[in-house]
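S.K.: Quick one: structure below, then a few questions.
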Amino acid sequence: MAATSFLRISIRQWHWVSSAFCLVGMILFAITGITLNHASSIESTPHTISIEAELSAGLLTALRQKEEGPLPLAVRHWLAEQHSIVTSSAAAEWEDDEVYLALPRPGGDAWLSIDRSSGSLIYEATERGWISYFNDLHKGRNTGVAWQWFLDGFAVVCLIFCLSGLWLLTQYARQRPGTWPVTALGVVLPFIILILTVH
């Protein structure tokens, strides 16, 4: 009896701690689930920024000396200081006459091209707004490793919340006759909708 009581208290604690931990995340995921489901109905006006510039002779020499990997450090510093373009250590695509760097991001896209003979630079960034930004966070699109790990951890916490909630349902089902019919409906309804409407 004592063991059962201890288990019940422990699972209750797991349930409320997991719910508190993932509360904001679940709200955001629920909202972005709606916005993703109606993405074609939500109008947005992309905002595009274009920059054209010329690399100095020194920077162009540093660029010509590389054949693979990220842009030279001096070029990255110049881009950040002069044009607020952050490239970090993203790998570029190196060709004989051009260096191309894709810079995807949540809620937008960007790219950078540098002519290796003349040093002319073209940069273009497109922002699609906050809804697109949060939609991409929901999908983990172009968010980096840290956010992907967070999503995995968040999913585990949500599983703990759901499974501990299911266990609590079994403990109190006798006092609430509607528990299992409602639970069964929640399980069966998605399959009915898929079978009848999705082909």
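S.K.: Among the residues in region 173-182, are any modelled with pLDDT under 90, touching a helix residue (DSSP H, G or I) at 6+ places or on another chain (Cβ under 8 Å), within 14 Å of residue 15 (Cα to Cα) and not hydroxyl-bearing (Ser, Thr, Tyr)?
M.R.: No, region 173-182 has no match at all.
Residue by residue, here is whether (1) surrounded by 15 or more Cβ atoms within 10 Å (Cβ to Cβ); (2) touching a His at 6+ places or on another chain (Cβ under 7 Å); (3) in a helix (DSSP H, G or I) holds:
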{"site": "111", "(1), (2), (3)": "no, no, no"}
{"site": "117", "(1), (2), (3)": "no, no, no"}
{"site": "122", "(1), (2), (3)": "no, no, no"}
{"site": "137", "(1), (2), (3)": "yes, no, yes"}
{"site": "142", "(1), (2), (3)": "yes, no, no"}
{"site": "155", "(1), (2), (3)": "no, no, yes"}
{"site": "171", "(1), (2), (3)": "no, no, yes"}
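S.K.: Now a separate question. Does residue 131 count as in a strand (DSSP E or B) and either touching a residue at least 40 places away in the same chain (Cβ under 8 Å) or over 16 Å from residue 70 (Cα atoms) (or both)?
M.R.: No, not satisfied.
S.K.: Within region 80-100, work out how many residues are within 17 Å of residue 118 (Cα to Cα) and surrounded by 15 or more Cβ atoms within 10 Å (Cβ to Cβ).
M.R.: Residues that pass the stated criteria total 2.
S.K.: Name every residue in region 43-61 that is in a loop (DSSP other than H, G, I, E, B), touching a residue at least 24 places away in the same chain (Cβ under 8 Å) and within 25 Å of the chain's Cα centre (by Cα), in order of residue number.
M.R.: 44, 45, 46
S.K.: Oh, and also: Under the condition of being in a loop (DSSP other than H, G, I, E, B) and of a type in the set (S, T, N, Q), which residue from region 74-90 is nearest to residue 103 (Cα to Cα)?
M.R.: 87
Results for (1) touching a strand residue (DSSP E or B) at 6+ places or on another chain (Cβ under 7 Å); (2) in contact (Cβ under 8 Å) with a residue 60 or more places away in the chain; (3) among the β-branched types (Val, Ile, Thr), shown as yes or no for each residue.
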residue	(1), (2), (3)
9	no, no, yes
19	no, yes, no
22	no, yes, no
69	yes, no, no
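S.K.: Hey, could you check region 1-44 for residues that are among the polar types (S, T, N, Q) and modelled with pLDDT of 85 or more and say which is farthest from residue 122 (Cα to Cα)?
M.R.: The qualifying residue farthest from residue 122 (Cα to Cα) is 10.
Conditions (1) of a type outside the set (A, V, I, L, M, F, W, C); (2) modelled with pLDDT of 95 or more; (3) touching a Pro at 6+ places or on another chain (Cβ under 9 Å); (4) within 21 Å of residue 47 (Cβ to Cβ), marked per residue:
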residue	(1), (2), (3), (4)
81	yes, no, no, no
86	no, no, no, yes
95	yes, no, no, no
104	yes, no, no, yes
124	yes, yes, no, yes
133	yes, no, yes, yes
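The values are calculated or read from the model by the stated rules, or taken from the named source; none is laboratory data. Note that the coordinates shown come from a computational prediction; the quantities given were computed from them, not determined experimentally. Note: ideal-geometry Cβ built from the backbone for every residue, glycine included; neighbour counts use all protein chains shown.
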